[in-house]
Amino acid sequence: MKDIVLGRIRHRTARVAVFGLGRIGLPIATTIAEAGFQVIGVDLNSKIVKAVSKGRVDTTELGLSNLIKQVTKKGLLKATSNGEVPVKESSIIVICVPTPIREDKTPNLSYIEDACETIAHTLNKGKLIIIESTLPPKTTKTFIPPTLKRGSELRCGLDFWLAYCPERLTPGKVLKEFVEDDKIIGGYNTESAEIAAEFFKTFIKGDILTTDATTAEVSKLSENTFRDVNIAFANELALLCEYLGVDVMDVIKLANTHPRVNIHMLGCGVGGPCLPKDPYLLLHSDKGFDSYVIKKARIMNDEMPKHIVDLVLKGLRDLGKRVLNSKITILGTAYKGNVDDPRLSPSKPIIEKLLDLGAKVVTYDPYCSESFKAEKTRSFVEAVTDSDCIIVATDHTEFKDIDFSKLKKSMNDNPIIVDGRRIVDPVKAKKTGFKYYGVGYGVRDEGR
Ligand code: SAJ
């Protein structure tokens, strides 16, 4: 059996089913098709299925639209909503569905379970199942096999193979990173890791790093948890610098000149599909490991939107303005710069709090259409006209070179800038007559 599947991989005759055609699954399916495999994508969203089938996908992901056109034209990529037939016809099944957390921060594995149950209906000997979705520790070893088998006599690791091969991709660079980055292969057993490694070698240029499934799960979660804890340190350092009257940007710039120091960037909070949830997935276990650092870091980052609102209230107070009916402009609703994704964006709690306080809140985002119930404007000028205060909430490139004199003419008297991403030059802003408040921008006693 093993030689058959290896032969099909080597000759590209293995058919591949990819469950989940989202921001990660679709680029992965397209890349596998580009490597010469016949790929059938499975997604419950009929709009995505229709668009992929026509080779026309509306995406901002660099290079993806063209690549999809090419592979669908060659008949190498198709899509469907019904997963049973693709599973039957495929030797390799890749699962790229979401693994969100619930309100209570516990993992929601329902999408994974649904995909496994669909696969279970037609699972037979000789298939390789690969999971790219981020999983809590021990999920591959304990949760996936019984869900896949659903009462069949098939033995995981012997009759079919299973490997956890986590995506480590960042939106905007998915196609490039998927091929060029090193690939971690966590085998349910050694044979599963070997076969999965042969598959990825057909299109991955980076190193193939094989290990066991649980180590791979913890490693992936550690990558993002490291980022979250590092960002939390930068955020707490920013609050300390405000208190000490120094600029955290100067502090981090100098500290990072040390060859072994890499302090990340402070901000107005941590959003996106990964960092806000992965630390909770990492900590999830039936024994209930009692975290201190990781959990506190999550709380620290989730506190930052409140700090932004505090800076706005301070700015208005310093100028004798009231928040009630003040016009406040939110520059950016995407969770990070130059993406269109609003998932868990820090802009949401900032907007909600200001609306609660009776402010007139408007948003402008050149990439993201979300406005979180604030009034959405179609242009920067419309957003800032007659505004009392602008908040830089997302580090889009467009917001990095604001024409302050033009901006000042559009805003109300005594305009305020609250720089949640520290991308505005405080000296220039203040010289043009703005009251500038920035995360970590401590004001020295001598009144800088
Ligand atoms: N952020 C900071 N300070 C920083 C870096 C980020 O405040 O120094 C904020 C961002 O503004 C954003 C959040 O943290 O709100 C997450 O930023 P991120 O750069 O980690 O971006 P993500 O969430 O897009 O991380 C992605 C993840 N992959 C996918 O979403 C598919 C993650 O798995 C990757 O580890 C990460 O990219 C990466 O490798 O860059």
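The values are calculated or read from the model by the stated rules, or taken from the named source; none is laboratory data. Bear in mind the structure is a predicted one, so any value in this text is a computation, not a measurement. Note that we place each Cβ from the backbone using ideal geometry, even for glycine, and neighbour counts take in every protein chain shown. Ligands, DNA and RNA are excluded from the accessible area calculation, which covers all protein heavy atoms including side chains. Shrake-Rupley method; radii C 1.70, N 1.55, O 1.52, S 1.80 Å.
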Top-ranked residue in the stretch 293-317 [being open to solvent by 80 Å² or more (accessible area, probe 1.4 Å) and over 24 Å from the mean Cα position of the chain (by Cα); ranked as farthest from Ser222 (Cα to Cα)]: Arg317
Scope the stretch 259-292; condition open to solvent by less than 10 Å² (accessible area, probe 1.4 Å) and part of a helix (DSSP H, G or I); matching residues: Asp278, Pro279, Leu281
Single unsatisfied condition, Asp159 versus (1) surrounded by 18 or more Cβ atoms within 10 Å (Cβ to Cβ); (2) closer than 25 Å to Lys183 by Cα: (1)
Residue match in the stretch 141-150 (condition: outside any loop (DSSP other than H, G, I, E, B), within 16 Å of the ligand (Cβ to nearest atom) and modelled with pLDDT under 95): no
Matching residues in the stretch 263-281 - criterion: being within 15 Å of the chain's Cα centre (by Cα), near the ligand (Cβ under 6 Å from one of its atoms) and among the hydrophobic types (A, V, I, L, M, F, W, C): Val270, Cys274, Leu275
Selection status of Ile350, under 23 Å from Met411 (Cβ atoms) and within 16 Å of the ligand (Cβ to nearest atom): yes
Complete set of residues in the stretch 173-194 that are open to solvent by less than 20 Å² (accessible area, probe 1.4 Å), in contact with a helix residue (DSSP H, G or I) (Cβ under 6 Å, 6 or more places away or on another chain) and away from the ligand (no atom under 16 Å from the Cβ): Ile185, Gly187
Checklist (1) closer than 21 Å to Thr202 by Cβ; (2) open to solvent by 30 Å² or more (accessible area, probe 1.4 Å) applied to Glu117, failing item: (1)
Single match in Lys138, Lys88 (criterion: surrounded by fewer than 20 Cβ atoms within 10 Å (Cβ to Cβ) and either acidic (Asp, Glu) or under 24 Å from Val218 (Cα atoms) (or both)): Lys138
Residue satisfying condition, being open to solvent by less than 80 Å² (accessible area, probe 1.4 Å), closer than 22 Å to Asn301 by Cβ and among the β-branched types (Val, Ile, Thr), within set Ile390, Ile417, Ile423: Ile423
Per-region count, the stretch 232-256, residues open to solvent by 90 Å² or more (accessible area, probe 1.4 Å) and within 28 Å of the chain's Cα centre (by Cα): 3
Residue within the stretch 28-49 that is more than 25 Å from the chain's Cα centre (by Cα), exposed (fewer than 15 other Cβ atoms within 10 Å of the Cβ) and farther than 26 Å from Ala197 by Cβ present: no
Selection status of Arg8, touching a Gly at 6+ places or on another chain (Cβ under 8 Å) and surrounded by fewer than 20 Cβ atoms within 10 Å (Cβ to Cβ): no
Cross-chain or 6+ apart pairs with Cβ under 6 Å, the stretch 59-85 first and part of a helix (DSSP H, G or I), then open to solvent by 100 Å² or more (accessible area, probe 1.4 Å): Val71/Glu34; Glu84/His121
Considering residues of the stretch 398-416 that are touching a Lys or Arg at 6+ places or on another chain (Cβ under 7 Å) and not polar (S, T, N, Q) only, the residue nearest to Gly315 (Cα to Cα): Ile416
Test result for Val229, within 16 Å of the ligand (Cβ to nearest atom), open to solvent by 20 Å² or more (accessible area, probe 1.4 Å), within 30 Å of Arg444 (Cα to Cα) and under 26 Å from the mean Cα position of the chain (by Cα): yes
Test: Glu113 is part of a helix (DSSP H, G or I), within 16 Å of the ligand (Cβ to nearest atom) and either not assigned by TED's automatic domain parsing to the domain that holds Lys54 or not hydrophobic (A, V, I, L, M, F, W, C) (or both): no
